[in-house]
Amino acid sequence: MSRAAAFLLVLALAFALALAGSANAGEPERPRESAVQLERGGTLALPEDETPVPVVLLVAGSGPTDRNGNSPGMRNDSLQGLAHALAEAGIASLRYDKRGVAGSRAAAVRESELSLDGYADDAAAWLRLLKGDARFGKVVVVGHSEGALVGMLAAGRAGADGFVTLAGPGRRLSDVLRRQLAGRLPPALIPDSERILASLERGQLTEEVPAQLAPLFRPSVQPYLVSAIRYDPAEELRRLAMPVAVIQGSTDLQVGVEDARRLQAARPGTTLVVVEGMNHVLKMAHGDLAAQLPAYTQPGGPVARELVQALLHFVRGLP
């Protein structure tokens, strides 16, 4: 792989294609699923247990990530696999496509009109839908990656019984990007990257973006970046009134265990689970980016067993 190709791949994984041990060895039997529509498209996975059952709202990460956890060129079915594992254990889940993505294309807005608050309002609407459904008991929000920040805002706005940040950053997006790009950007681009990030942190947009940085910082995506950078996940987590758990994989190349510890420290009483050997797409994988790439791009592998067990323990233990 050439340096240029490797650099573009890192950018894709660092920001999900620029914003536009296991549960079973074999393929498990699929749970009952049904389509759900709320301006956007969703899938409800139901266990065989009699209602009311606990239900989890799964919030996907950044960029064009769909309800199953997939982005263009990176199909791993991570969130679909998690939904199916939960259903087998008696917990329902709802996963959905963000506006403008896959089954929610009809709800798209211009890229320059996207905002983290808009995504949080969408998630809050799904949460209210679940809370009003007599088939469900406790309602828990599980946000993955950048979806953790979206999910915690939604949980606070609509009122959840519990919240889980799953591989969620513990720092502002600007600091996350600095860390992910450190040592990977060509030296000549470092001053431009820092200049742009500093401008966005002040809430100011800039038209001066080198072509090589356009996938991350093009002018049309900057309003979204400004909307996300203003939130510190640790501060937002501290504001939640419901029980909270932080789950993080030890081999995650995009979000580190130090992020999870910062989140836990921000809110006394928060449960922290570090899943040894779990990477950012919730699969068991080790090594560098090249070694982990199959986990990002090959569907079929189950999500980490310990992740499922941790979620079951948290949901079943809610008061």
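Modelled label positions at Gln298 and Arg316, each set 7 Å beyond Cα in the direction of Cβ, lie 3.2 nm from each other.
Distant-in-sequence amide contacts of His280, defined by a placed amide H-H separation under 5 Å and a gap of 5 or more residues or a different chain, comprise Leu253, Gln254. Across the options Ile247, Leu263, Gly203, the greatest Cα extent toward the positive end of the charge dipole of the chain (unit charges at beta carbon of Lys, Arg, Asp, Glu) belongs to Gly203.
Could you size up the charge dipole of the chain around its Cα centre, putting +1 on the beta carbon of Lys and Arg and -1 on that of Asp and Glu, and report it in debye to the nearest 20?
For the chain, the charge dipole is close to 340 debye.
Here Gln204 and Ala265 are evaluated by their C-beta separation; at R0 = 25 Å the FRET efficiency comes out at 0.20. Here the 3J(HN,Hα) profile of the stretch 270-279, calculated from phi with Karplus coefficients 6.51, -1.76 and 1.60 at θ = phi - 60°, is 6, 6, 10, 10, 9, 8, 5, x, 8, 9 Hz, Gly and Pro shown as x.
So for the stretch 246-315, Kirkwood radius off the Cα pairs, Stokes-Einstein at 10 °C and 1.306 mPa s: how many µm² s⁻¹? Translational D for this selection: 126 µm²/s. Is the stretch 121-263 best put as rounded, prolate or oblate by its Cα gyration tensor, with a ≥ b ≥ c the root eigenvalues, rounded for a/c under 1.5, and otherwise prolate when a/b is larger than b/c, oblate when not? Here the stretch 121-263 falls in the prolate category.
Can you say what percent of the DSSP beta bridges in the chain, counting only those with both residues inside, are antiparallel? Round to 5. Roughly 35 percent of the beta bridges in the chain run antiparallel, per DSSP.
Expressed in Å, the radius of gyration and Dmax of the Cα atoms of the chain are 18.6, 61. The stretch between Leu189 and Ala214 holds 7.8 nm of extra length on full extension. This uses 0.36 nm per residue minus the Cα-Cα distance. Report note on the peptides 248-257, 82-91, 149-158: ranked by the mean count of other C-beta atoms within 10 Å, highest first, their order is 149-158, 82-91, 248-257.
Taking θ as phi - 60° and the Karplus parameters 6.51, -1.76 and 1.60, the scalar couplings of the stretch 203-216 work out to x, 10, 8, 9, 8, 8, 10, x, 4, 5, 9, 4, x, 9 Hz in sequence order, x denoting glycine and proline. Stokes-Einstein D for the stretch 143-188 at 4 °C, 1.567 mPa s, Kirkwood Rh over Cα pairs, in µm²/s? D, rounded to a whole number, is 108 µm²/s.
Estimated at 0.36 nm per residue, the fully extended path between Met242 and Ala134 surpasses their Cα-Cα distance by 36.8 nm.
Where a number appears in this text, it was derived from the coordinates with a stated rule and is not lab data. The model shown is predicted, which means the values in this text are computed figures rather than measured ones. Note: ideal-geometry Cβ built from the backbone for every residue, glycine included; neighbour counts use all protein chains shown.
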